[in-house]
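Colleague: Quick one: structure below, then a few questions.
The values are calculated or read from the model by the stated rules, or taken from the named source; none is laboratory data. Quick caveat, the model's predicted, so the values are computed rather than measured. All Cβ positions, glycine included, derive from the backbone under ideal geometry; neighbour counts span all protein chains shown. Keep in mind that these areas ignore ligands, DNA and RNA; they rest on the heavy atoms of the full protein, side chains included. Shrake-Rupley method; radii C 1.70, N 1.55, O 1.52, S 1.80 Å.
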Amino acid sequence: MLDALGYASLDELVDTAVPAGIRSSAGLDLPPARSEEQILADLRELAGRNVLKTQLIGQGFSGTHTPPVILRNVLESPAWYTAYTPYQPEISQGRLEALLNFQTMVADLTGLPVANASMLDESSAAAEAVLLMRRANRAGADARTVIDANLFPQTIAVIRGRADALGFEVEVADLSTGLPEGAISGIVLQQPGDDGAVQDHSTVIAEAKDRGAMVTVIADLLSLTLIVPPGEQGADIAVGNTQRFGVPLFYGGPHAAYLAVREGLERSLPGRLVGVSKDQQGRPAYRLALQTREQHIRREKATSNICTAQALLAITASMYAVYHGPEGLRGIAERTHAHARALAGALEKAGVELVRHAYFDTIRVRVPGRAAAVVAAAATAGFNLRHVDPDTVSVSFDETTTDEIVTAVAAVFGGTIDSTASSSCAQSQNPITGGVDSATDAQNDGVAGSYAFDPALVRTSAYLTHPIFHSVRSETQMLRYLRRLADRDLALDRTMIPLGSCTMKLNSTAEMAAISWPEFAGIHPYAPADQTAGWRELIRRLEDWLIEITGYDGISLQPNAGSQGEYAGLLAIRRYHLANGHAERDICLIPASAHGTNAASAVLAGLRVVVVKNTPDGHIDMADLEAKIAEHAGDLAAIMITYPSTYGVYDVDVREVCDKVHAAGGQVYIDGANMNALVGLAKPGEFGGDVSHLNLHKTFAIPHGGGGPGVGPVAVAEHLVPYLPGDPVAGGASGTSISASEGGVPVVATLFGSAGVLPISYAYVAMMGADGLTRATESALLSANYVAARLRDHFPVLFTGNRGLVAHECILDLRELTAASGVTAEDVAKRLIDFGFHAPTLAFPVAGTLMVEPTESEDLAEIERFIEAMIAIRAEIDDIVAGIHALEDSPLRNAPHPAAVVVSDDWDRPYTREQGAFPVERLRVDKYFPPVSRIDGAFGDRNLVCACPPPEAFEG
Ligand SMILES: *Cc1c(COP(=O)(O)O)cnc(C)c1O
């Protein structure tokens, strides 16, 4: 490869490509690289330092049984976890179907017609709902948002942080007695409440609507199998967590949250929405609707900054619902509720005071002055209870609760379960689904008195009526359903995914192994610190390593996507200026080439976006930068740049850019999504950055999950450390903050966000070591430059740096070919599917181009196959230019080619079927056929359908 590029050594190539001015003088100070065996032993040792108790803390996180068939074949299956976000719908029909199942499940259970897939966590979803209500309800600019005091404290903290950044007030009030006076734009309720109460919200909802306010209800999805859903009570929006649908606790995340809306709000929905459209032959086909890449189009006007969501976890939760079906879910809910009732009965008999008498799974108990002692006694007996305050504890049951657990917990309070009460919660385990048949006939009928809540709140409407929730009832069926869907998709387990800006590298099996170990996965995020020593040591080490790699002084692993890291980092800048008496500094300069989330995040952090021009060769336009700095001399807050730039080039002027902004009193945010071009070679904290976020789901080997999970740590220089995200339950029964400051604004519900996937990055860094990480960066540079050099004669490379070199990715410019032939970059992307490849990044950062990032993980043979495909495609473009095929009849415009099209008896195209399906020889042996042909996205946006279509839709 070096020969092809004309370099004698990798060092020479790297020294030429990477500007000397940014190179770090010393190498990385990291522990020596360890083998797979060593790191697995190390992880076992850390896992062993955690103490696994039965988790009855609740507060939004519940124990659950992940059905083993789903654990192994979704969560632990590379076919699912290595997939990319489904921007290329033709190769994503499997995961799009699973996500559509998720949306249908949420819509049915909440009683609202449109749900997205998915939100990053419950608390941030609630904050998004507040923003949605403010956008959609134009009633009055000074109308307040009022949130019920009976919300989880972490949710109140996150909503307050968001509101504070945007300069509006939220009032926390007890809404059980009605609404406060004055203009209100929206209210937020929670069902069941923080205290476990199942409440009838219909009166307050009606009052809110009367007064022109919108209503959000945060609802526990499992409880909605028994309780009247928010949609039926008139709520506009429902949000919540789907964790207890088979997703492990994971010490706080990743979990998929949901957001559902009534009709009329679908176009202001944040996050991803899967919709149904049709392909070229009119077959129903799924694709992302409306909001696809909306930040790239709408930038600072985008609905939200959410890009990476929680696809893998949403898929897991949806499969849990597919497997259990409505009867199974209801059985689980009834069993959970019956256990809560059994405990409540025992406690009352023992003279223990219950705070609430209407509840679903959570019993809040008054133990004056003894809360700590009771929690300690329970812990000794093996149970974690929630310490609410010195006088109050609560117990939350879940799917995993057994009669023995109920008896033992009752005993902690001095209560006993009598045998009749206990037999009322004895269930028969369904041998096929693992689900549970309904408790008693009386409960099944929803007869008044069977539930410990108002009979008026008993749900009577049907849910999960679609056949998909009724057709998979054995493990054999589930295994085959999962395989069938996975086979429709292209993920990293089949092909390189050469996505510029997204770094789709190997997610090694050894890195993945630990995440489902119970000693990591079974820990509740608010478990006491003395039970989480292993987790905290792992996190502390990873924090130290990432600080060393980035050259900063502090870091928070809390943000659970790159976008959230951006928000947290910009918020730190904003708060720093405020603390220094510079409230006027609210301008954020963002180059035109930036990733769309940058602008969207800046707005959420309360900043105003000013765009800085790029020069025609892709650098920051220094003259424009100086002009913008001069224009905003008094109110400059920050510049937000990506390095290397989103154009895949090392800008030699970066230090100068940073110096100019610093001299004007601004801070420098360096978007670290492209760290794969820097690790071991240069540190953003050293060449001018004050803050960066990383994407652990890009550079640090966490798989992309088909669109999440992600982890977007935010790293900062010393002066910003006090403003890192804080503990959302500071002062509560949470783990101890490590380097994250207790005082900062939390961005999600738990201190360490998507902690559950951190062992992946931990294992990655530990196994690579300093030399390995540096070598990976150098290899990534070599591969990108090799692709650029080999394809340059066929497709011009748009931007280059020193001596024509690129960084870790290259942009292939199709625009001249498009002008000559009509063939678009999209045609090329779709034609690559016929060659078995996932397309490169399409139309970002420049329309009409493809951005290729091979990464260090692809071997030369795979890179050659990709080059071969691109060259063959170039020849097909030439055929069109030469008039051999009309564009409309060409294999390019008709790509991709499903089997149903190429074997059809009425093939009437001017090219052969063989050219359509087997354009290169190797495909005769290994061939991927997409299940659908090109999808008409615009049709789907005009005719929005975002729940499972009826089976008849697929006939004929
Ligand atoms: C991926 C990316 C982001 C956003 O990260 P998410 O995890 O998807 O929110 C931001 N900036 C750049 C340059 C990126 O490539």
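Colleague: Inside the range 226-272, can you point out the residues that are within 18 Å of residue 152 (Cβ to Cβ), out of contact with any Ser or Thr (no Cβ under 6 Å at 6 or more places or on another chain) and assigned to a loop (DSSP other than H, G, I, E, B)?
Modeller: Answer for the range 226-272, where residues must be within 18 Å of residue 152 (Cβ to Cβ), out of contact with any Ser or Thr (no Cβ under 6 Å at 6 or more places or on another chain) and assigned to a loop (DSSP other than H, G, I, E, B): 235, 242, 243, 249, 255.
Colleague: Within the range 830-846, is there a residue that is modelled with pLDDT of 95 or more, out of contact with any helix residue (DSSP H, G or I) (no Cβ under 9 Å at 6 or more places or on another chain) and acidic (Asp, Glu)?
Modeller: No: zero hits.
Colleague: Let me ask another. Which condition does residue 858 not pass, out of (1) of a type in the set (D, E, K, R); (2) in contact with a Ser or Thr (Cβ under 7 Å, 6 or more places away or on another chain); (3) surrounded by fewer than 23 Cβ atoms within 10 Å (Cβ to Cβ), if it passes all the others?
Modeller: Exception for residue 858: condition (3).
Colleague: If I filter the range 369-384 down to residues being outside any strand (DSSP E or B) and in contact with a Ser or Thr (Cβ under 7 Å, 6 or more places away or on another chain), which single residue comes out as surrounded by the fewest Cβ atoms within 10 Å (Cβ to Cβ)?
Modeller: The residue in question is 382.
Colleague: Can you say whether residue 586 is touching a residue at least 60 places away in the same chain (Cβ under 8 Å) and open to solvent by 20 Å² or more (accessible area, probe 1.4 Å), as far as the supplied structure shows?
Modeller: No: the conditions fail for residue 586.
Colleague: Please go through the range 622-655 and pick out each residue that is at pLDDT 95 or above, open to solvent by 30 Å² or more (accessible area, probe 1.4 Å) and charged (D, E, K, R).
Modeller: 626, 628, 631, 635, 655
One line per residue, one yes/no per condition, for (1) in contact with a strand residue (DSSP E or B) (Cβ under 9 Å, 6 or more places away or on another chain); (2) aromatic (Phe, Trp, Tyr); (3) in contact (Cβ under 8 Å) with a residue 60 or more places away in the chain:
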{"residue": "368", "(1), (2), (3)": "yes, no, no"}
{"residue": "373", "(1), (2), (3)": "no, no, no"}
{"residue": "376", "(1), (2), (3)": "no, no, no"}
{"residue": "379", "(1), (2), (3)": "no, no, yes"}
{"residue": "382", "(1), (2), (3)": "yes, no, yes"}
{"residue": "387", "(1), (2), (3)": "yes, no, yes"}
{"residue": "393", "(1), (2), (3)": "yes, no, no"}
{"residue": "397", "(1), (2), (3)": "yes, yes, yes"}
{"residue": "407", "(1), (2), (3)": "no, no, no"}
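Colleague: Just give me the residues in the range 926-956 being modelled with pLDDT under 95 and of a type in the set (Val, Ile, Thr), in sequence order.
Modeller: 945
Colleague: Considering the range 301-352 alone, what residues qualify as being at positive phi and more than 31 Å from the chain's Cα centre (by Cα)?
Modeller: Correct list: 351 only.
Colleague: Which residues, taken from the range 905-956, are in a loop (DSSP other than H, G, I, E, B), farther than 25 Å from residue 824 by Cβ and either open to solvent by 60 Å² or more (accessible area, probe 1.4 Å) or without any contact (Cβ under 8 Å) to a residue 60 or more places away in the chain (or both)?
Modeller: Passing the criteria: 905, 906, 925, 926, 945, 950, 955, 956.
For (1) within 27 Å of residue 224 (Cα to Cα); (2) open to solvent by less than 30 Å² (accessible area, probe 1.4 Å); (3) assigned to a loop (DSSP other than H, G, I, E, B); (4) touching a residue at least 12 places away in the same chain (Cβ under 8 Å), each residue gets a yes or a no:
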| residue | (1), (2), (3), (4) |
| --- | --- |
| 132 | yes, yes, no, yes |
| 141 | no, no, yes, no |
| 156 | yes, yes, no, yes |
| 165 | no, yes, no, yes |
| 176 | yes, no, no, yes |
| 190 | yes, yes, no, yes |
| 195 | yes, yes, yes, yes |
| 206 | yes, no, no, yes |
| 209 | yes, no, no, yes |
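Colleague: Looking at 402, 407, can you tell me which residue is under 36 Å from the mean Cα position of the chain (by Cα) and modelled with pLDDT of 95 or more?
Modeller: 402 is the lone residue from the list that is under 36 Å from the mean Cα position of the chain (by Cα) and modelled with pLDDT of 95 or more.
Colleague: Still on this model: Would you point out which residue out of 186, 167, 182 is at pLDDT below 95, in contact with a strand residue (DSSP E or B) (Cβ under 7 Å, 6 or more places away or on another chain), more than 25 Å from residue 357 (Cα to Cα) and not hydrophobic (A, V, I, L, M, F, W, C)?
Modeller: Going through 186, 167, 182 in turn, the sole match is 182.
Colleague: Hey, among the residues in the range 287-340 that are basic (Lys, Arg) and within 13 Å of the ligand (Cβ to nearest atom), which one's nearest to residue 640 (Cα to Cα)?
Modeller: Once the filter is applied, the top-ranked residue is 299.
Colleague: Is it the case that residue 743 is more than 16 Å from the ligand (Cβ to nearest atom), modelled with pLDDT under 95 and either part of a loop (DSSP other than H, G, I, E, B) or surrounded by fewer than 24 Cβ atoms within 10 Å (Cβ to Cβ) (or both)?
Modeller: Taking the combined requirement at face value, the residue satisfies it.
Colleague: Which members of the range 117-151 meet the condition of being closer than 28 Å to residue 289 by Cβ, out of contact with any helix residue (DSSP H, G or I) (no Cβ under 7 Å at 6 or more places or on another chain) and not hydrophobic (A, V, I, L, M, F, W, C)?
Modeller: Those that are closer than 28 Å to residue 289 by Cβ, out of contact with any helix residue (DSSP H, G or I) (no Cβ under 7 Å at 6 or more places or on another chain) and not hydrophobic (A, V, I, L, M, F, W, C): 121, 128, 134, 137, 138.
Colleague: Pull up the range 793-815, narrow it to residues that are open to solvent by 10 Å² or more (accessible area, probe 1.4 Å) and closer than 16 Å to residue 878 by Cβ, then point me to the one that is farthest from the chain's Cα centre (by Cα).
Modeller: The selected residue is 793.
Colleague: Is at least one residue of the range 692-715 away from the ligand (no atom under 16 Å from the Cβ) and either basic (Lys, Arg) or modelled with pLDDT of 95 or more (or both)?
Modeller: Within the range 692-715 (the criterion being away from the ligand (no atom under 16 Å from the Cβ) and either basic (Lys, Arg) or modelled with pLDDT of 95 or more (or both)), the answer is no, since none of the residues qualifies.
Colleague: Still on this structure, please answer the following. Of the residues in the range 582-615, how many are under 24 Å from residue 650 (Cβ atoms), away from the ligand (no atom under 15 Å from the Cβ) and assigned to a strand (DSSP E or B)?
Modeller: The number of residues fulfilling the criteria is 3.
Colleague: Moving on. Limited to the range 702-719, what total is found for residues that are touching an Asp or Glu at 6+ places or on another chain (Cβ under 6 Å) and open to solvent by less than 10 Å² (accessible area, probe 1.4 Å)?
Modeller: Going through the range 702-719 one residue at a time, the tally reaches 0.
Colleague: Residues in the range 516-531 that are in a helix (DSSP H, G or I) and of a type in the set (Gly, Ala, Ser): how many?
Modeller: Adding up the residues that qualify gives 3.
Colleague: Shifting gears a bit: Suppose we filter the range 564-581 for residues that are within 16 Å of the ligand (Cβ to nearest atom) and either over 28 Å from the mean Cα position of the chain (by Cα) or of a type in the set (A, V, I, L, M, F, W, C) (or both); how many remain?
Modeller: 3
Colleague: Suppose we filter 262, 272 for residues that are under 25 Å from residue 243 (Cβ atoms), within 16 Å of the chain's Cα centre (by Cα) and charged (D, E, K, R); which single one remains?
Modeller: Matching residue, one of 262, 272: 272.
Colleague: Here's another thing I want to ask about it. Among the residues of the range 672-691, which ones are more than 12 Å from the ligand (Cβ to nearest atom) and not β-branched (Val, Ile, Thr)?
Modeller: 678, 680, 681, 682, 683, 684, 685, 686, 687, 688, 689, 690 - these are the residues of the range 672-691 that are more than 12 Å from the ligand (Cβ to nearest atom) and not β-branched (Val, Ile, Thr).
Colleague: Here is a follow-up. Here are 543, 537: which of them is part of a helix (DSSP H, G or I), away from the ligand (no atom under 16 Å from the Cβ), among the acidic types (Asp, Glu) and surrounded by fewer than 17 Cβ atoms within 10 Å (Cβ to Cβ)?
Modeller: 537
Colleague: Take the residues in the range 86-112 that are closer than 17 Å to residue 257 by Cα and either among the polar types (S, T, N, Q) or not in a helix (DSSP H, G or I) (or both), then tell me which one is nearest to the ligand (Cβ to nearest atom).
Modeller: 103
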